[in-house]
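These notes concern the structure reproduced below.
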Amino acid sequence: MLQRVFLGWNEPFLRPLVAWLLERKAELPGILVLVPTTQSGRRLRESLAEAGEAILAPKVATPGSLLRTAEDPTVAPDWMETVAWTEALEEISDWTPYQALFPDVLADSSGWLAGIAVEMVSLRRSLQENGLTLGRAARILAGSVEQERWEAMAALESLAERRLSQWRMKSRSRTLAENFTLPHVRHIVLAGITELPALLGRAVENWPGTVSLLIGAPETEAEHFTATGKPWHPPVPPDEKPRKQHLQQEYWRNLPLPWPEEPNGSVILAADGRQQAAEALRAVRRHGRPSGEIALGSADAEVSGELERQFTRAGWTAFDPAAETV
């Protein structure tokens, strides 16, 4: 059962989230809280600990961490799956069955085969969020112009899976497709999350327990959010349907927001991301607070990168939870 809970938007989302959880402190051991990033999960744990009460903390995870299957020792890590693919490809002597995928084969090139193995593992990883293997994707695409190519990939996938089975291992793709389950909890809380990977979304939707979707907006805006927490505009009359998408965008774009004024804040117009970062650094220096007490928000990845660079150069500890890691 999915229930929406509106926490308002007059203060940072973390504060009302912590208050909401503390109201249910007796239930916390049986609650799974899903948060957008590992950094937000760390801050949530710290805030609950700083509440000064003797509580058993809830389980806190990100959607991505639930799909990693790290607790299952029989699931092969990516490097092992890559080795399995490489060895399976190296044993192929007749490439005729895979001609739709590889019309010109250089089977004597180990570098070529190793590169294909890496690409296959990457492709399978991209399908994991939907709970698909190459075999299942091939069945879905049966009758399409890509049918033969996907069937060839599915046949190769079987060879790689067979190699993993010989090592008494299985792939993460196969595990997620065949046996994905949610942790054993009584209550799932989606905190600040408006979209889940398809596989996890289906699991949560079909979960028999209580699911609370916490939304950072006042309840007066309830009609402008879908059942799963996405901002939207309610349906318009049939004669205005051509303008529907326009209205959906315009409602949120034109929503009046009060401009902050000192001492609650201020607005500075900047020419580009570099100037925004410089102004942010200047403002933070002026207030003199340590890094651990400061949160910087940006809707632009370019600005986020500039913020991290300029703060780091100035000697501040900066962390961008949305940055890509290598």
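Couple of notes before you dig in:
- Among Gln166, Ile55, Trp112 - extreme Cα towards positive end, dipole of the chain, charges at beta-carbon: Ile55
- Tensor-based shape of region 113-243 (alpha-carbon gyration tensor, a/c under 1.5 rounded, otherwise prolate or oblate): oblate
- The heavy atoms of Glu195 present about 130 square angstrom of accessible area, all protein chains included, probe 1.4 Å.
- Computed from backbone phi with θ = phi - 60° and the Karplus coefficients 6.51, -1.76 and 1.60, the 3J(HN,Hα) list for region 127-142 is 8, 5, 5, 9, x, 10, 9, 5, x, 5, 4, 4, 5, 5, 8, 4 Hz; x is used for glycine and proline.
- Long-range HN-HN contacts of Val60 with modeled amide H, under 5 Å: Val33
- Taken one residue at a time, the phi angles of region 208-214 give Karplus couplings (6.51, -1.76, 1.60, θ = phi - 60°) of x, x, 8, 10, 9, 9, 8 Hz. Gly and Pro are set to x.
- Acute angle (nearest 10 degrees) that the helix 273-287 long axis makes with the longest principal axis of the chain, alpha-carbon atoms: 50
- Reported to the nearest whole Å, the Cα centre-to-centre distance from region 146-212 to region 267-288 is 43.
- Computed on protein heavy atoms with a 1.4 Å probe, the accessible areas place Phe180, Phe311 in the order Phe180, Phe311, largest first.
- Matching label, Cα Rg over 2.2 N^0.38 Å computed from the structure shown, candidates (1) 1.52; (2) 0.99; (3) 1.25: (3)
- Reported to the nearest whole Å, the Cα centre-to-centre distance from region 1-76 to region 77-91 is 37.
- Restricting the GluC sites (Glu not before Pro) of region 1-69 to loop positions (DSSP other than H, G, I, E, B) with no more than 12 neighbouring Cβ atoms within 10 Å leaves Glu23, Glu53.
- Solvent-accessible area per residue in the chain equals 62 Å², computed with a 1.4 angstrom probe and all protein chains kept.
- Computed over region 88-179: relative contact order in percent, which uses C-alpha pairs under 8 Å that are six or more apart: 35
- Sequence of Ser47, Ser158 from largest to smallest accessible area, 1.4 Å probe: Ser158, Ser47
- Thr37, Thr228, reordered so the largest accessible area comes first (probe 1.4 Å): Thr228, Thr37
The values are calculated or read from the model by the stated rules, or taken from the named source; none is laboratory data. Every value quoted in this text rests on a predicted model; they were computed, and no experiment measured them. Don't worry about glycine lacking a Cβ; one is built from the backbone with ideal geometry, like all the others, and counts go over all protein chains shown. Each accessible area value is taken on the protein alone, full model and side chains, heavy atoms only, with ligands, DNA and RNA left out. Shrake-Rupley method; radii C 1.70, N 1.55, O 1.52, S 1.80 Å.
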